[in-house]
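All remarks here apply to the structure that follows.
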Amino acid sequence: MTEEIRNVLRDHARLPGDVDSLRDHDDLYQAGMTSHASVNVMLALEDAFDVEFPDAMLKRSSFESIAAIRDVLGELRSEAAA
Amino acid sequence: MRTRVGIDLVAIEDVHAALDDHAGRYVARVFTQGEAERAHDAGAGRATELAGCFAAKEAVVKALGEEVPPRSVELTREGRHPGLRLSGPAAESAARAGLDEWSVTIGGADGYACAVVIARGAS
């Protein structure tokens, strides 16, 4: 999952640096991801993982790091499987 | 009198990318029907119009100091002047913050759209 998240960030987050150099808990916004780029990331994550982010999860904190994204995706997948 | 300010800058190329990659789903998830229709009517200026709308939404979030779903903030056009309509979670957040007067202005240049929001309420 983490590698797929990094692929999405590489293609859609418009980060100026190398995605592979980011640690899982590094702040993506401080790394250069804009608020609109996080929308592009959200939509790409939905495609990549076949999930849909509810409105309540469309917040900055959901996309602030690779670890945060992984946690949110895990939660969505658990809900879908239940 | 309490006053809060928010500002945001959006690269129009980011909107183009979202339209190219996700088109209808992007518009449906982020924008209200009114915003989408106005952007559609803008023709070649569609991405610019959406960028301004998005910047206004983010500027409102900064003025509120609390994140709210994007479609609970609507950029309206009343004649020549833009306006804001808050609903659902955004309206509730504004009420909690005691903010009941909202003003917005939209601008842009060099591939960017910008929005500035001023919110006021009784202390």
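The values are calculated or read from the model by the stated rules, or taken from the named source; none is laboratory data. Computed from a predicted structure; not experimentally measured. Virtual Cβ from ideal backbone geometry, glycine too; neighbours counted across all protein chains shown. For accessibility, only protein heavy atoms count, side chains too; no ligands or nucleic acids. Shrake-Rupley method; radii C 1.70, N 1.55, O 1.52, S 1.80 Å.
Looking only at the stretch B:66-106, residues that are more than 11 Å from chain A (Cβ to nearest Cβ) and in contact with a Phe, Trp or Tyr (Cβ under 8 Å, 6 or more places away or on another chain) come to 4 in all.
Number of residues in the stretch B:70-84 that are of a type outside the set (Gly, Ala, Ser) and without any contact (Cβ under 8 Å) to a residue 12 or more places away in the chain: the value is 3. Selection of the stretch A:61-70 for residues being surrounded by 12 or more Cβ atoms within 10 Å (Cβ to Cβ) and of a type outside the set (Lys, Arg) yields A:SER62, A:PHE63, A:GLU64, A:SER65, A:ILE66, A:ALA67, A:ALA68, A:ILE69. Within the stretch A:71-81, the set of residues being open to solvent by 50 Å² or more (accessible area, probe 1.4 Å) and not charged (D, E, K, R) comprises A:SER78, A:ALA80, A:ALA81. Of the numbered criteria (1) more than 10 Å from chain A (Cβ to nearest Cβ); (2) crowded, with 22+ Cβ neighbours inside 10 Å; (3) under 10 Å from the mean Cα position of the chain (by Cα), the one B:ALA63 fails is (3). Within the stretch B:17-42, being more than 15 Å from A:VAL39 (Cα to Cα) and either under 17 Å from the mean Cα position of the chain (by Cα) or within 7 Å of chain A (Cβ to nearest Cβ) (or both) holds for B:THR32, B:GLN33, B:GLY34, B:GLU35, B:ALA36, B:GLU37, B:ARG38, B:ALA39, B:HIS40, B:ALA42. Annotation note: of B:ASP14, B:ASP8, the sole residue that is open to solvent by less than 80 Å² (accessible area, probe 1.4 Å), over 20 Å from B:THR76 (Cβ atoms) and at the interface with chain A (Cβ under 10 Å from one of its Cβ atoms) is B:ASP14.
Restricting attention to the stretch A:16-60, the residues that are surrounded by 11 or more Cβ atoms within 10 Å (Cβ to Cβ), more than 8 Å from chain B (Cβ to nearest Cβ) and touching a residue at least 24 places away in the same chain (Cβ under 8 Å) total 14.
Only residues that are farther than 19 Å from B:ARG4 by Cβ and within 13 Å of the chain's Cα centre (by Cα) were counted across the stretch B:71-103, and they come to 3.
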